[in-house]
Amino acid sequence: MLDLLKAVDGRIPNFAGIKYTYESLYEYNQCRMYKDGKYDMLHGQDETILPSLAQGGARGGIGGTTNYNGRELVGIIEAWNRGDIETAREKQNSRS
């Protein structure tokens, strides 16, 4: 996806970002940091929202379980924002 960002950068004026769903958190973070965060990189894997926050922060996400698991996902982000890493871990690892 980093190659895609480089290819469209400056060529598609209304290009805003990507929903990134692939498992590579490293690549997700590289895309997120491209040109100092020029593009909105929506995190697309509910199972790895906490690690994406730890790497520098997803600003938003579109997940597959959000319709029925939204409270847990919001709880992970809220706990992270409060600095309550243990609660964020518990919520990330819960099977609710």
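The values are calculated or read from the model by the stated rules, or taken from the named source; none is laboratory data. Bear in mind the structure is a predicted one, so any value in this text is a computation, not a measurement. Note that each Cβ is placed from the backbone with ideal geometry, even for glycine, and that neighbours are counted across all protein chains shown. Areas reflect the complete protein model, heavy atoms only, side chains present, ligands, DNA and RNA absent. Shrake-Rupley method; radii C 1.70, N 1.55, O 1.52, S 1.80 Å.
Would you confirm whether any residue within region 8-25 is in a helix (DSSP H, G or I) and open to solvent by 50 Å² or more (accessible area, probe 1.4 Å)?
Checked against the condition, which is being in a helix (DSSP H, G or I) and open to solvent by 50 Å² or more (accessible area, probe 1.4 Å), region 8-25 yields no hits at all.
Identify all residues within region 58-71 that are in contact (Cβ under 8 Å) with a residue 12 or more places away in the chain and either under 15 Å from the mean Cα position of the chain (by Cα) or in a loop (DSSP other than H, G, I, E, B) (or both); write none if there are none. Write out each step before concluding.
First pass over region 58-71, keeping only residues in contact (Cβ under 8 Å) with a residue 12 or more places away in the chain: 58-66, 69.
If the condition is that a residue be in contact (Cβ under 8 Å) with a residue 12 or more places away in the chain and either under 15 Å from the mean Cα position of the chain (by Cα) or in a loop (DSSP other than H, G, I, E, B) (or both), then A58, R59, G60, G61, I62, G63, G64, T65, T66 are the ones that fit.
Across region 34-50, which residue is surrounded by the most Cβ atoms within 10 Å (Cβ to Cβ) among those that are assigned to a helix (DSSP H, G or I) and modelled with pLDDT of 90 or more? Break it down stepwise before answering.
Keep residues of region 34-50 that are assigned to a helix (DSSP H, G or I), which gives 34-36, 46-50.
With the extra rule that they be modelled with pLDDT of 90 or more, the set shrinks to 34-36, 50.
Details: Y34: 16, K35: 10, D36: 5, L50: 20.
Filtering region 34-50 for residues that are assigned to a helix (DSSP H, G or I) and modelled with pLDDT of 90 or more, the one surrounded by the most Cβ atoms within 10 Å (Cβ to Cβ) comes out as L50.
Considering every residue within region 72-90, establish whether at least one is part of a helix (DSSP H, G or I), modelled with pLDDT under 95, open to solvent by 70 Å² or more (accessible area, probe 1.4 Å) and hydrophobic (A, V, I, L, M, F, W, C).
Checked region 72-90: at least one residue is part of a helix (DSSP H, G or I), modelled with pLDDT under 95, open to solvent by 70 Å² or more (accessible area, probe 1.4 Å) and hydrophobic (A, V, I, L, M, F, W, C).
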